[in-house]
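Notes to accompany the following structure.
Just so you know, all these numbers are worked out from the coordinates, no wet-lab data involved. If you're wondering where the values come from, they're calculated on a predicted model, not measured in any experiment. All Cβ positions, glycine included, derive from the backbone under ideal geometry; neighbour counts span all protein chains shown.
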Protein chains: 2
Amino acid sequence: MTRWKLTIEYNGGDYVGWQRQNNGPSIQQSIEEAIHGFSGQEVTLHVAGRTDAGVHARGQVAHADFDDFTKPMDGFEVAKAINAYLRPQPISVLKADIVDEEFHARYAAKNKLYTYRIINRPSLLGLDRGQAFHVKRPLDVAAMADAGTALLGHHDFTTFRDSNCQAKSPMRTLDRLEFETRDYDNCGGREILMHVEAQSFLHHQVRNIIGTLLLVGEGKWTKADIADALAAKDRTRGGPTAPAEGLYLVRIDYA
Amino acid sequence: MTRWKLTIEYNGGDYVGWQRQNNGPSIQQSIEEAIHGFSGQEVTLHVAGRTDAGVHARGQVAHADFDDFTKPMDGFEVAKAINAYLRPQPISVLKADIVDEEFHARYAAKNKLYTYRIINRPSLLGLDRGQAFHVKRPLDVAAMADAGTALLGHHDFTTFRDSNCQAKSPMRTLDRLEFETRDYDNCGGREILMHVEAQSFLHHQVRNIIGTLLLVGEGKWTKADIADALAAKDRTRGGPTAPAEGLYLVRIDYA
């Protein structure tokens with residue numbers, strides 16, 4: 001038996017999310033079926049971060065235990081074999097590595113990077129439809145970045161946690177919250193990226209944070225309102241949950 | 001009567017190209033129908049660069065003559081009205097400007113920028129499927145960039161011109177050919193962009209140039225081979241035509 005770590009990219013737009021569910025195709029099911037296709041093995045993938053329906057990944061990580069292959073295969077061959085069976089789905093195994101049997105994609109994760117992507121311009125999205133959140137009105141990104149610093153550090157994030165969140169504790173440590181802007185088109189449109197890092201996140205935490213910071217970007221809230229909302233420890237005091245289509249799980253770091 | 005200039009973004013993946021054809025939906029038809037939807041007018045769009053099936057645009061330009069609207073509309077309102085009728089197609093009018101009746105999207109163009117986008121990594125594309133050309137084997141981008149300089153300037157580009165090209169002359173002046181690379185994923189994959197500028201291009205010129213420079217990137221051809229192919233003025237001496245899905249019409253400059 002060998003434990004493999006898979007690093008995975010996907011467009012979550014047409015899936016019910018990472019986890020197997022009865023109401024539609026999941027990323028997990030697609031990859032497990034592709035593994036069965038090339039190896040005949042029925043493995044169970046253990047994932048680092050269960051992404052919701054519509055959320056994308058540039059560097060999701062999952063592990064699974066495989067029986068030894070009839071013919072030895074290296075990581076490149078394993079990734080290629082899975083991808084051949086995933087075709088033409090928008091899911092790709094970027095890398096497959098043998099890890100020791102202590103490794104766990106979720107419990108061994110030291111740090112996760114999520115990026116939330118906004119296209120800020122009046123006109124509808126053409127090229128990036130479904131791969132970014134479209135915000136029409138001009139946003140004050142400097143104000144959003146400044147207000148976001150109120151969320152850095154160790155806090156009770158109940159205000160930014162989905163009411164169905166299963167985590168035992170609402171305490172989390174937010175290590176990074178930074179904004180980046182880039183010109184997006186030739187007509188003044190901008191791409192706005194929010195990068196957030198923590199060892200782990202609560203359900204909908206990133207989407208609730210950006211949904212609330214957007215109120216600052218629109219001039220409706222101040223930095224003090226963000227700090228007050230956090231201190232209230234009450235989901236009803238936070239802003240709306242931003243759409244899944246803007247969220248990317250970018251990278252997971254291990255020791 | 002008022003002449004309007006439209007700046008347009010689109011994902012060309014599901015279209016037969018810019019121009020109306022009998023074998024499927026075109027970008028031109030979609031926009032002309034959207035204009036008819038909001039205004040009742042049957043206008044004919046005159047485009048700067050007729051893109052082929054599958055080619056994308058970040059800044060295509062077209063013009064058309066409109067009868068005066070019953071209620072005056074500014075550029076923002078015109079773009080918004082067209083986009084409302086384009087929905088949910090991956091086409092968006094970024095900007096609508098009134099221009100004088102001398103303006104012609106194609107004949108008044110002083111410069112065009114095309115970018116060809118390659119994702120260079122072993123694993124299949126997930127997020128950018130259909131929006132970049134996937135090249136598995138590592139490319140020598142420095143060699144491609146150096147070889148590309150042999151094509152700069154005023155030349156007979158018959159070697160890089162589609163055999164069905166309708167242009168009267170094969171002479172063109174290539175003003176810029178530059179490569180840019182960026183990290184693309186967390187597993188060593190790279191995004192390689194080729195930017196080319198000229199006042200006008202021959203049919204398939206950009207795709208034939210990059211298709212040939214890829215032979216240099218793979219170590220099969222040298223810079224001297226590129227110069228020889230150009231000097232031969234013979235399409236059969238050039239490399240293959242790279243796929244449409246990597247090509248973007250980025251910007252068109254007017255006086």
Exercise for review: Starting from the coordinates of the alpha-carbon atoms of segment A:23-93, obtain the Kirkwood hydrodynamic radius over all distinct pairs and give the value in Å to one decimal.
Suggested key: 12.9 Å
Practice item. Kindly give the distances from residue A:102 to its copy-mates, label point to label point, with each label point 7 Å from Cα along Cα→Cβ, as nm values to one decimal ordered shortest first. Key: 7.7
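How big is the convex hull of the Cα atoms of segment A:1-151, per residue, in Å³?
Numbers: hull volume 21.2 nm³, N = 151.
Hull volume normalised by residue count: 140 Å³.
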Exercise for review: Go ahead and set up a Gaussian network model of chain B, Cα springs under 10 Å, then flag whichever of B:39, B:26, B:169 fluctuates most.
Suggested key: B:169
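Filter the chymotrypsin sites (Phe, Trp or Tyr not before Pro) in segment A:89-138 to those in DSSP coil with at most 11 other Cβ atoms within 10 Å of their Cβ, and list the result.
Details: sites: A:103, A:107, A:114, A:116, A:133; in loops: A:103, A:107.
Sites meeting the loop and neighbour criteria: A:107.
Given the convex hull over the Cα atoms of the protein assembly as shown, what projected area results after averaging over all orientations, in nm²? Please list the in-between numbers first.
Values: hull surface 108.9 nm².
In nm², the orientation-averaged hull projection of the protein assembly as shown is 27.2.
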Exercise for review: For segment A:160-252, run through the trypsin sites (Lys or Arg not before Pro) and keep only the ones in DSSP coil with at most 13 other Cβ atoms within 10 Å of their Cβ.
Suggested key: A:168, A:220
Check your understanding: So which residue, out of A:100, A:52, A:162, gets the largest mean-square fluctuation from a GNM of chain A using Cα contacts under 10 Å as springs?
Key -> A:100
Check your understanding: Among the listed pairs A:5/A:71; A:112/A:220; A:110/A:233; B:5/B:80; B:112/B:168, which are separated by more than 22 Å between their Cα atoms?
Key -> A:112/A:220; A:110/A:233
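Report the FRET efficiency, 1/(1 + (r/R0)^6), for residue A:108 and residue A:164, where r is their Cβ-Cβ distance and R0 is 25 Å, rounded to 0.05.
On the way: r = 26 Å, r/R0 = 1.03.
Approximately 0.45, to the nearest 0.05.
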**Study point:** Point-to-point label distance, residue A:175-residue B:74, nm (Cα→Cβ direction, 7 Å offset)
**Key:** 4.8 nm
Review point. Which of the aspartates and glutamates could a cross-linker span from residue A:223 if the Cα-Cα distance has to be under 12 Å and same-chain partners fewer than 8 positions apart are dropped?
Key: A:146
Point to revise | Cβ neighbours within 10 Å from other chains - mean over A:182-191 | key: 4
Check your understanding: At residue A:1 and residue B:255, where each label point lies 7 Å from the Cα along Cα→Cβ, what is the point-to-point distance in nanometres?
Key -> 7.7 nm
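Of chain A, which part is the longest with no GluC sites (Glu not before Pro) in a loop (DSSP not H, G, I, E, B) and with at most 12 other C-beta atoms within 10 angstrom?
Details: sites that count: A:42, A:101, A:102.
It runs A:103-255.
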Revision key, fill the gap. Between the alpha carbon centres of segment B:138-202 and segment A:68-124 the gap in Å comes to 33 Å
Check your understanding: Which listed residue (A:143, A:83, A:24) has the Cα farthest towards the positive end of the charge dipole for segment A:1-145, taking +1 on Lys and Arg C-beta and -1 on Asp and Glu C-beta about the Cα centre?
Key -> A:143
Check your understanding: Given the options A:119, A:226, A:98, which has the most mean-square fluctuation in a GNM of chain A, springs set between C-alpha atoms less than 10 angstrom apart?
Key -> A:98
Practice item. With N denoting the number of residues in chain A, provide Rg(C-alpha) divided by 2.2 N^0.38 Å, to two decimal places. Key: 1.07
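Within a 10 angstrom radius of each residue's Cβ in B:116-128, how many Cβ atoms of other chains show up on average? Whole number is fine.
Numbers: counts 0, 0, 0, 0, 0, 4, 7, 14, 15, 5, 16, 13, 5.
Per-residue shielding by partner chains comes out at 6.
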**Study point:** Distant-in-sequence amide H partners of residue A:221 (H built 1.01 Å from N, under 5 Å)
**Key:** A:216
Check your understanding: In sequence order, what are the phi-derived ³J(HN,Hα) couplings for segment A:126-142 according to the Karplus relation 6.51 cos²θ - 1.76 cosθ + 1.60 with θ = phi - 60°, rounded to whole Hz, with x for glycine and proline?
Key -> x, 5, 9, 4, x, 10, 6, 8, 8, 10, 6, 7, x, 9, 8, 5, 4
Review point. How large is ³J(HN,Hα), in whole Hz, for each residue of segment B:185-190 in order, when computed from phi with the Karplus curve 6.51 cos²θ - 1.76 cosθ + 1.60 and θ = phi - 60°, using x for Gly and Pro?
Key: 9, 9, 10, x, x, 10
Practice item. Would you please state the base-10 log of I(q)/I(0) at q = 0.18, 0.21 1/Å for segment B:90-188, with intensities from the Debye formula using one equal scatterer on every alpha carbon? Key: -1.14, -1.20
